[in-house]
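*Asks:* Pasting in a structure now, in structure tokens, and then I'll have a few things to ask.
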Amino acid sequence: MIMNVINSNGKLVIISGPSGAGKSTVVDLLLKNCTLPLKLSVSATTRPPREHEEDGVAYHFLDEQAFLLLRDQDDLLECMDVFSSGFWYGTLRETVTSGLNQGLWVVLEIDIQGAFSVLDSIPDATTIFIHAGSIEELERRLTNRGTDTAESIARRLQVARDEMSLSEQYMHQIINSDPMQAMSDICSILEKVGG
Ligand code: 5GP
């Protein structure tokens, strides 16, 4: 797939990690505190919004028909049925292309399969994997979050085991025991990439 990138001063940053590792918190802190020109790519999903999740901010919440239309029109850079949950998640091609064309650092917070798929078209992306520390810690965080059913937690933990075994393929590994520290570590990594 050819990306419609005219001026590529922009950079792509892919952040993955198991559900419950605290990616969203770290990414939020990064956007607020890191002085690089970061832009979060808001994904589309067919998952229903959680309480406090705003449409267009957390995700673009779509029904399946609207999502599949985007996919069929080739408007998604990648898309996955993450966790085989029956819910789709996808990266909007236009968000990435326009960000890169504006010279921004576009941040994708996506699962590992989506990351590998994006790397096929943009191989020079910086890849960062955020760990929770251990499976037990992940289970504790997912349970305390209180947003997932027992079945969803079990599925997320199984996917986490598989993802952790592939995490070495990421350029950088971060353990998130303290979100501010994790944010600061990622910001330093990106500053070095920027030279
Ligand atoms: P959640 O349902 O907890 O918001 O997200 C579930 C998983 O989907 C997370 O691992 C998240 O990184 C991943 N995800 C979010 N957006 C996308 C996307 O656009 N593409 C892919 N492949 N994964 C995504």
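The values are calculated or read from the model by the stated rules, or taken from the named source; none is laboratory data. The structure displayed is predicted, hence computed values, not measured ones. Because the Cβ atoms are built from the backbone with ideal geometry, glycine has one as well, and the counts that use them run over all protein chains shown.
*Asks:* Name every residue in the stretch 164-186 that is of a type in the set (Ser, Thr, Tyr) and either loosely packed, with under 14 Cβ neighbours inside 10 Å or touching a strand residue (DSSP E or B) at 6+ places or on another chain (Cβ under 9 Å) (or both), in order of residue number.
*Replies:* Ser165, Ser167, Tyr170, Ser177
*Asks:* Filter the stretch 44-78 down to the residues that are β-branched (Val, Ile, Thr) and under 25 Å from Glu151 (Cβ atoms), then identify the one that is nearest to the ligand (Cβ to nearest atom).
*Replies:* Among those that are β-branched (Val, Ile, Thr) and under 25 Å from Glu151 (Cβ atoms), it is Thr45.
*Asks:* Quick one: which residue in Glu163, Glu191, Glu151 is within 16 Å of the chain's Cα centre (by Cα) and either charged (D, E, K, R) or under 15 Å from Ile135 (Cβ atoms) (or both)?
*Replies:* Glu163
*Asks:* Being of a type outside the set (Val, Ile, Thr) and over 15 Å from the mean Cα position of the chain (by Cα) is the filter here, so list the residues in the stretch 21-46 that pass it.
*Replies:* Listed by number, the residues that qualify are Lys32, Asn33, Cys34, Leu36, Pro37.
*Asks:* Considering only residues that are among the aromatic types (Phe, Trp, Tyr) and crowded, with 18+ Cβ neighbours inside 10 Å, look in the stretch 79-102 and name the one that is farthest from the ligand (Cβ to nearest atom).
*Replies:* The qualifying residue farthest from the ligand (Cβ to nearest atom) is Trp88.
*Asks:* Quick check: is even one residue across the stretch 30-43 near the ligand (Cβ under 8 Å from one of its atoms) and either touching a helix residue (DSSP H, G or I) at 6+ places or on another chain (Cβ under 6 Å) or under 26 Å from Asp162 (Cβ atoms) (or both)?
*Replies:* Checking the stretch 30-43: at least one residue is near the ligand (Cβ under 8 Å from one of its atoms) and either touching a helix residue (DSSP H, G or I) at 6+ places or on another chain (Cβ under 6 Å) or under 26 Å from Asp162 (Cβ atoms) (or both).
*Asks:* A further question on this structure: Could you please let me know if Arg145 is within 15 Å of the ligand (Cβ to nearest atom), among the basic types (Lys, Arg), on the phi < 0 side of the Ramachandran plot and more than 17 Å from the chain's Cα centre (by Cα)?
*Replies:* Spelling it out, Arg145 is indeed within 15 Å of the ligand (Cβ to nearest atom), among the basic types (Lys, Arg), on the phi < 0 side of the Ramachandran plot and more than 17 Å from the chain's Cα centre (by Cα).
*Asks:* So the check is Cβ under 8 Å with 6+ separation or different chains; which pairs have a first residue in the stretch 22-43 that's touching a residue at least 60 places away in the same chain (Cβ under 8 Å) and under 18 Å from Asn176 (Cβ atoms) and a second one that's of a type in the set (S, T, N, Q) and more than 16 Å from the ligand (Cβ to nearest atom)?
*Replies:* Between residues of the stretch 22-43 that are touching a residue at least 60 places away in the same chain (Cβ under 8 Å) and under 18 Å from Asn176 (Cβ atoms) and residues that are of a type in the set (S, T, N, Q) and more than 16 Å from the ligand (Cβ to nearest atom), the close pairs are Asn33/Ser184.
*Asks:* Of all the strands (runs of 3 or more DSSP E) wholly in the stretch 7-85, which have at least 1 residues that are at pLDDT 95 or above and polar (S, T, N, Q)?
*Replies:* So the answer is 11-16.
*Asks:* How about the stretch 107-163: which of its residues are surrounded by 12 or more Cβ atoms within 10 Å (Cβ to Cβ), aliphatic (A, V, I, L, M) and free of Cβ contacts under 8 Å to residues at least 12 places away in the same chain?
*Replies:* Of everything in the stretch 107-163, just one residue is surrounded by 12 or more Cβ atoms within 10 Å (Cβ to Cβ), aliphatic (A, V, I, L, M) and free of Cβ contacts under 8 Å to residues at least 12 places away in the same chain, namely Ala154.
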